[in-house]
Structure formats: C-alpha cells, structure tokens
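Just so it is clear, none of the values below were taken in a lab; they were calculated from the coordinates. This one's a predicted model, so the numbers in the text were calculated from it and none came from an experiment. A quick note on method: Cβ atoms are made from the backbone with ideal geometry, for glycine too, and the neighbour counts reach across all protein chains shown.
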Amino acid sequence: MKNKILEELNPKVSIGLIVYNGGEYLRGAIDSFLAQTFDNYEIIISDNASTDDTQIICEEYAALNHKIRYIRQVENQGPIFNFKYALSQAKGDYFMWASHDDIFAPTYISECLSAYKDNPECISVFTNFNVSDLKSNRITEKHSPSSRSSNSSFSRTMISLLDMHPNMIYGLHKTKTLRKIKIETLDWFDIFMIIQLSYYGKIIII
C-alpha cells in the first residue's frame, strides 16, 4: 500500500494526453496506456474545451482509475497551449505526449526506459511507428526515423534537419530537458522542438 501511495505522489513517467473533440478514438488511446507493462506512471488528460463526448469519456475513465487526471480547459486555447499545459502538470522524471488517436504497444514505456539504461547520455527515446487507418485497421505508412546519437550537437542537429519526423515529439523524453526548449506557435513547431532537443543530447530510436 505504501509503495502505491509513493507512486501516486512521485510517478516515474508522466503521459500528457492532449485532446480536442477526439471522442471517436479516445478510448483506444487511453486503453493502450492502461495496458502498459510498466506500471509507475500518471496520465494527464488536457481537454481543450471539446464539444463532443470527450468530457464524458474522460470523466468515466478518471473515476475508475487513480492514475488519470482529467483537466477540462474553460475555452479552446489552441494546440500549442495544450502541449505546454500538459507538460507543466507533469510530476515524472520522464514525459511523453500523446494524441487522442495514438495507440502504443503494451511494452512501449518499458522498452523506452530500457534504452535509457543502455544510453545514460540520452535525453529522448523514440521508436519506429506506423500510420494506420483506424476505421479499417489498415497500415498506410511505415516510418523508421534515424537516431541522433552522434557526440556532436552539430551533427545531431543536421540529422534532425535532414530527417524530419514531427511524430518524434511523441517519444519518451527527460522532463527536465524538455522544459528547457521553446514550444512556439509556428509552422513545423514539432520539427523545431526536435532540433532543440538534438542540441541538448542524444535521441535514440529503438
């Protein structure tokens, strides 16, 4: 019982699930986190004033699971605000964003954490990923980003410029490092974030 209380106060991993009108696929995203083999985490759901059934779904899950914190914004303040807000609420040493239509393998968090053990100088871990049509469950694209594992910050930055994968912001990051970068309202803001992360340390793809 004591360990459970400590985990609630000090989760190792924080998941920032950002959502606006994502009710159609939201249950799948939440269920994929509740099925994780790694158990010491929190889920922060920041609802950007959805007008569909997102609120009902989130309140239902939050009432059933103590790991979930649901925050509904009074008004829609745009996606960048939601990214920043979810990060600001994180308690864990590691942080990851997720969208309402993302589905993660059950071992996603545990395998990312294992990569950190093997690469202590790493500040971010991401994986290969597929883009799927969730209605037909058909994979439409397969992506394999390049690791930014050079000891040179210049080389890591150049790789980020040449190998642009905006989805890499949904990797598992060190929270302290992530809070150092600027999250700005501009085109390709996600690429800009990865370039900044490349400056601070290695990004490993597993």
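List of remarks:
- Checking Lys142 against (1) touching a strand residue (DSSP E or B) at 6+ places or on another chain (Cβ under 6 Å); (2) surrounded by 12 or more Cβ atoms within 10 Å (Cβ to Cβ); (3) not polar (S, T, N, Q), the condition it does not meet: (2)
- Leading residue by the ranking (nearest to the chain's Cα centre (by Cα)) among those in segment 176-206 that are closer than 17 Å to Ser147 by Cβ and in a loop (DSSP other than H, G, I, E, B): Ile206
- Search result, residues across segment 60-90 that are in contact with a Ser or Thr (Cβ under 6 Å, 6 or more places away or on another chain) and not aliphatic (A, V, I, L, M): Asn82, Tyr85
- Hits in segment 177-206 - residues which are surrounded by fewer than 16 Cβ atoms within 10 Å (Cβ to Cβ) and free of Cβ contacts under 8 Å to residues at least 12 places away in the same chain: Leu186, Asp187
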